[in-house]
Structures are given as structure tokens and as C-alpha cells.
Amino acid sequence: MTRYPESLIEKIKHAPVDPGCYLYKNKQGKIIYVGKAKNLANRVKSYFVNPHSKDPKTQSLVKRIADVEFIVTLSEIEALILENTLIKQHRPRYNVFLRDDKTFPYIRITNEPYPRAFITRRLINDGSKYYGPYTDARAIRDTLRIIKKAFTVRTCKFRLDNETVQAKKVKLCLQYHIHNCEGPCQKLISKEEYDTMISKLEAFLKGDLSEVVNYLQRKMESASEKLLFELAARYRDNINLLQHYAKRQSVEFMDFKDRDFINIFLEGDTCVGVVIRVRHGKMLGKDTIFLEGISDVEQTEIMRNFIQQYYNQSQLVPEEINVNIYPSEQDILQKWLANNRHGSVKITRPAREEKLRLMRLAEKNARIHLQEYLIKKSQAENYIPKTLQQLQTDLSLTQLPKRIEAFDISNIQGKYAVASLVTFYNARPQKSEYRRFKIKTVKGIDDFAMMAEVVRRRYSRQIKEQKELPDLILIDGGKGQLSAVREILKSLNLDKIALAGLAKKLDEIFLPDQNIPLSLSRDSIALLLLQRIRDEAHRFAITYHRNLRGHGEIDSILNHIPGLGSKKRQVLWSSFGTISKMRSASIEDLSRINGIGPKLADIIWNYLHHS
């Protein structure tokens, strides 16, 4: 039975009854789950009532809870907004989240007197408007091309407030002279006219192409009446560009409503969501997004998380969202979406044939993308570097050596003897699994016994903790080291693990039960891999050895200075690090060290310079 900390039990007992968010943390203080509730006390207590009856994912979560934090909000909708923000910020292990949500681009229209429009991946809560996310590369390219051609919105980063514009502090740039900007910095376009252009740009981003075409038509006619034929021709070309763009969009509905069609499709522990966007009766594009953390999660909960994260801070919330699965907490979700849209939003499942046709299209796309993703994932998991295949062949190994662990010993006349272990997986170093050892049981110079000690300590612990064992053990040395290690492996019933020794002199490979070492050609990719692993183990060992040796030598010299105790030696070591730095210090420098006055500083200085 899981024992929970007393502090956690007390927090749960006195949990607030208000709406808000709860953050579960593990023993290390890391947030592992973020949830929201209408009544925090009831929701949190429910996790600990009959935990064994919960689904496997919840059982795993509850076992790891060591602390909980509460954030109270004024309403359940505010809790929903905060939950989404916290999930994006902390990406907890047990939450569902969009796999690549941080990389999706948006089009941002800034909150300035003369706004700018550009692509961004950062969402800043400063009143700017965000249109997206865009997951279709073609859609974002087309959108950018039309914005640049049809809308002469400024691109400079100057803060153009009314005072700056009135004083004309900013000079005209090249963009004005090549007709890509209307020159708001020099009051060559009125604030009202600039705002109208921005509103038409927003209409375009929302999918209302007819409104934009009518706007450009009026601009073209006005330029023609003023005999500005070159400008009129540019408006004409932009109108043609928009009309060509509109022809590519198939008309799906005659009521011209804004709709989205969302289909989530699951296979095993992988889930993909496809969103087909329809604006003013025309299909504008498709977004495909993969989700993580969906294992043992209800489909209704997955749909809620998907909708919540997809529409977060987006200005493209439609009035109708068609789904293949109703989301959990649908009423709260609809209210939250309505707040974002500033108008009513309905979540529904399609029944009419014209809507079902688009939902089937979304499902078909989801199936295709999920299949492609699973194929790529399988290829990545089953990828075997050629070096490992060659190594298996050259050493006649029964098993592919995907995980290789290598040992190296470093010592000088038996002093500060240490060992290193490096791990390579799929021919790549796994530095988080490197280990260092101080030799404990061997006195004097005995590399064979040292290697045996380290191997015994390493794999005794691996067996005890039921951790992964290597496919191949590589040691730095020849037959002697190999025999010592083999005996240890036999005593641990690990003699089936492949074993090899690589000698430094001739780079000969020693194998058990073979008297003659194996010699591979100098350019063999298998030999190059073994050399790389052997050299990495040696580098890791020698670095550790130098650190210990340097510390030890300093201590041995400082031990002979009268009046210098162990604590003051440690202070000196921490302050200078090396004897040469201590020698280069003046008596005044030494006396400034905490605990070392002028008298002791003089003794230290004299000893270091005259001893």
C-alpha cells in the first residue's frame, strides 16, 4: 500500500472547495499532472478513493504524487484557461498535449496605432491578434504571398504612436519607394484608411475573400479616376490573385457559415487530429496535429484537450465545430470558445450528408497521416547503423550489439585508482549513463583485479535493480583483463553477454576462447567504432583521475604547513584550485581568504616559496 507524505494528506484534507487548478508533483518537486475542477476538494479527493479501481495511467500517477498545489480561480472557465496555460508551460508527464504545439506558426497582427502583420511562433498576451495555427506549409506560403502583394502593411519595427507620426520623426524607407508600404510614418496615409486596410487583412485571414475583393475594386476605380494607372494596374493584379486563390477553394455550403471539422483517430498509444477549416462556405485548408500522453485516456477527454489547445489564443474560432466524438465538459468548453470568438459557438456531431462528407474526408486524412507516422516511427526504432551490423559480423556475435558498455582503468603506481564506464546505444554515446568508480578493494598496481572489481560492482547492482544489461562489454586490455572479467560474469550468471578486449598497441581484438587475437583492417568501420568507444572510456577515466590527483597533491603539500587545519586547507583549495595560483598570490591576497589572517598568510606564503 502506498504511503503518502503527511503534508500531502493535510493539504488534501483542507483543499479549497472553489473552482481552480491542481498541480500534482513528484518527490523531486516536478509537476507531473495539471488538472482543473469546479470543486477542487472533491476532485482531488476522488483520486485517492479506491485508487486500484482506476485506469492504469491514473494508478501510475497516484503512486508518484508526493505534493499538490492549488490555484483558485473565480470561475470554471478561468480554470480551463489556466489549465491550458500550465500544460503548455510545464508539459507534465501525465497530461495530454499537442506534440508539436510550440512550433506551429501564427500570423500576428500587433496591437499598435499602426499595426504590423508577420509570422510568429511566440504568443504574447499584449492585445495582439493571432490567426492560426498553420500546420500546412503550402497554406502559410500562399497566405504570406497574398499579404505581401495585396496589403501594403508596414514592416518596420518602429513604434509609430501619434506623437511620432505627427512629428515625422521616422524617415521614409525603401519599402515606400517600391510601393510595399503606404508611408504611415510621414502621414502619407490617414489613420482611418490604414485601419480599414488592417480590417480587410483580418477579413482575408478569416476567409472572407469577397469583402477584400470589393475593397480592392474600389481602390482600383479611385486610382483610375485620378489617372494613377500604374497604381490601378497593381490593384487589378491583386484582385486577379485573390480570385485565382478563391477558385482553388471548393464551395461546400450555401449558408456561408464558418465551420471546422475535427476528427481524432487513435491506434494504440498514438493519436492524430485533423482539422478541416471552412470559412464563408469554402474549404480553406487542413491542419494535422499529433498528440502525446493519450495512453489510457478516454476519447472524450482527448477531444477536450485537443480543442482546448488548438484554439488557445487563436482568432480563427468558428461559430460551429463538428466533431466525430463529443468532448468531455462540452458546456464549459463552448462558453470558453464563445469568449474567445466574442460570439456563440456550437460543438456538434454532423448528421447531414454534406457535413458527413467533410467529416469522412477528415477521417481519411487522419488515417493516412497516422499510417505514415507509424511507418516512420517503426523505421526509426528499427534503424540499425551499418557499423553495428559489421561489428556483429566481424566478432561473430549471436546478437546485434545495440547497447555497448566499455570500461577503462586509470592510476599512477596504484595511487588514486579509478575506473570509468561509458555506454553507447545504436553507435551513439549515452552520456547520461556514463559512470565513474573509485577502486576500493585493490591495493597497489593490479589492473586485472581492478577491472574485475568494477565489473562486479556494476553488474551486481544492475541485476539487483533489474536494469538493462549490455549486448557487448568492451574492456581496455588484452587476455589478462578479459579472463578476469569473464570469471566475474560467470559468477553472476552473465556469461552469455558478449565480451571483447581492445589492446592499445596494435588495436588487436581479444575474444573469449580464442588464443589468437582478431585483427581488422585499419579502415574497418567496426574497428573505428570500437576505437571510438575505447578512447571515450579512456578520456572519461583520465579526466576523473586528474581531478582526484590534483586535489590530492594540493592536500599533501598543504598538510605540512604549521597552523593550517583541514577546514582552512579546504577553503584555500576552493579559492585557488592549484598550487601555482597560490604561489602567485600575495600575502595580502592570502590574508583576505576567510579564516586566514595576516600571520597565517605570511606562514603559507613563506612555505610555498621557500619549502
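Where a number appears in this text, it was derived from the coordinates with a stated rule and is not lab data. In this text, all values refer to a predicted model and were calculated from it rather than measured experimentally. Cβ sites come from the backbone with ideal geometry, for glycine too, and all protein chains shown count toward neighbours.
Ignoring lysines fewer than eight residues from residue 386 along the same chain, the ones with Cα atoms less than 23 angstrom from its Cα are 376, 377, 402, 431.
By the count of neighbouring beta-carbon atoms within 10 Å, fewest first, 605, 336 end up ordered 605, 336. Using 1/(1 + (r/R0)^6) with R0 = 41 angstrom and r between the beta carbons of residue 426 and residue 508, what's the FRET efficiency to the nearest 0.05? The formula returns an efficiency of 0.95 here.
From the square roots a ≥ b ≥ c of the eigenvalues of the alpha-carbon gyration tensor of region 1-111, which class results: rounded (a/c under 1.5), prolate (a/b over b/c), or oblate? Note, shape of region 1-111 comes out prolate. For region 178-232, the Stokes-Einstein estimate of translational diffusion at 4 °C and a viscosity of 1.567 mPa s comes to 105 µm²/s, using the Kirkwood hydrodynamic radius over alpha-carbon pairs.
In the chain, Cα pairs under 8 Å separated by at least six residues give a relative contact order of 8 percent. Taking a ≥ b ≥ c as the square roots of the eigenvalues of the Cα gyration tensor, region 559-610 is classed as rounded, since a/c falls below 1.5.
The ellipsoid that matches the Cα gyration tensor of the chain has semi-axes, each √(5λ) in whole angstrom, of 62, 35, 30, with the longest given first. For region 6-95, the residue among 56, 40, 82 whose Cα projects farthest onto the positive side of the dipole built from Cβ charges is 56.
Neighbour counts of C-beta atoms inside 10 Å place 185, 156 in the sequence 156, 185, starting with the fewest.
Based on alpha carbons, the Rg and Dmax found for region 402-451 are 12.6, 37 Å.
Shown is the FRET efficiency for residue 91 and residue 156, computed with R0 = 51 Å from the Cβ-Cβ distance and rounded to the nearest 0.05: 0.90. If only the Cβ of Lys and Arg carry +1 and only the Cβ of Asp and Glu carry -1, the dipole of region 259-346 around its Cα centre is close to 680 debye.
Our summary gives region 304-359 a relative contact order of 39 percent, counting only alpha carbon pairs under 8 angstrom and 6 or more residues apart.
Estimated purely from DSSP H runs of n ≥ 4, each contributing -39500 (n - 2.57), the mean residue ellipticity at 222 nm for the chain is -14500 deg cm²/dmol once divided by its residues. Computed about the Cα centre, the dipole magnitude for the chain is approximately 880 debye when only Lys and Arg (+1) and Asp and Glu (-1) carry charge, each at its Cβ.
Dipole of region 388-549 computed with +1 at Lys/Arg Cβ and -1 at Asp/Glu Cβ about the Cα centre; of 452, 501, 516, farthest Cα towards the positive end is 452.
Taking a ≥ b ≥ c as the square roots of the eigenvalues of the Cα gyration tensor of region 388-549, is the shape rounded (a/c under 1.5), prolate (a/b larger than b/c) or oblate? Taking the square roots of the gyration eigenvalues as a ≥ b ≥ c, region 388-549 is rounded.
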